[in-house]
Amino acid sequence: MALDSVDLDTLLMVVRQRSFGRAASALLVSQPTVSERIARLERCVGAELFVRGPRGVALTQAGDRLLPMASRIVGLMEEAVEAVQAADQPPPFRVGVHSTFAYRAVPLVVSALASPTRGVRVRDAHS
């Protein structure tokens, strides 16, 4: 069974929201749909990815190992689509900034780049 990008997106949202229900709301799907996507992903990788507790869900050790790769895979898939769609566009302009300074630097950079002819996309990513 192959990894599914929708299942990986779901994994990332559950991690962000710390809840299957909140992830479902954010993804605009039902909670059983989120549960099924995670179950399908767990069958695919052969390991349980989450433990459920009174304060929501937490990643298992297997989930911790999968998380950085899932983030990279989803990011690469997004970049692939952008690369094809932007073939006639100027190359992307990327700015790396430490989170300590991001709240000051990002608005300055975005306002300097924003123009009707150039799309601006801000993405928070870890190294």
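I'm trying to understand the selection: among the residues of segment 96-127, which are modelled with pLDDT of 70 or more, β-branched (Val, Ile, Thr) and either open to solvent by 80 Å² or more (accessible area, probe 1.4 Å) or assigned to a helix (DSSP H, G or I) (or both)? Answer for segment 96-127, where residues must be modelled with pLDDT of 70 or more, β-branched (Val, Ile, Thr) and either open to solvent by 80 Å² or more (accessible area, probe 1.4 Å) or assigned to a helix (DSSP H, G or I) (or both): Thr100, Val106, Val109, Val110. Checking the structure you have, find out if any residue of segment 11-19 is part of a loop (DSSP other than H, G, I, E, B) and modelled with pLDDT under 95. Yes - at least one qualifying residue is present in segment 11-19.
Residues in segment 45-67 that are open to solvent by 70 Å² or more (accessible area, probe 1.4 Å) and within 15 Å of the chain's Cα centre (by Cα): Asp64 only. Set side by side, the residues Arg16, Arg22 differ, and just one is within 21 Å of Met77 (Cα to Cα) and not aliphatic (A, V, I, L, M), which is Arg16.
For segment 28-44, a residue qualifies if it is open to solvent by 50 Å² or more (accessible area, probe 1.4 Å) and in contact (Cβ under 8 Å) with a residue 40 or more places away in the chain, and exactly one does: Arg43. Pairing residues of segment 49-60 that are free of Cβ contacts under 8 Å to residues at least 40 places away in the same chain and of a type in the set (Lys, Arg) with residues that are open to solvent by less than 40 Å² (accessible area, probe 1.4 Å) and outside any strand (DSSP E or B), at Cβ distances under 9 Å and at least 6 apart in sequence or on separate chains, gives Arg52/Phe20.
For segment 82-95, the set of residues classified as loosely packed, with under 10 Cβ neighbours inside 10 Å and at pLDDT 75 or above consists of Val84, Gln85, listed by residue number. Mind checking which pairs have a first residue in segment 1-16 that is within 13 Å of Phe50 (Cβ to Cβ) and a second that is open to solvent by 30 Å² or more (accessible area, probe 1.4 Å) and of a type in the set (Val, Ile, Thr), Cβ under 9 Å, 6 or more apart or different chains? Going by the 9 Å Cβ cut-off, the qualifying pairs are Thr10/Val29; Thr10/Thr33.
The values are calculated or read from the model by the stated rules, or taken from the named source; none is laboratory data. Here the structure is a predicted model, which means the values were calculated and not measured. Virtual Cβ from ideal backbone geometry, glycine too; neighbours counted across all protein chains shown. The accessibility values were calculated without ligands, DNA or RNA, using every heavy atom of the protein model including side chains. Shrake-Rupley method; radii C 1.70, N 1.55, O 1.52, S 1.80 Å.
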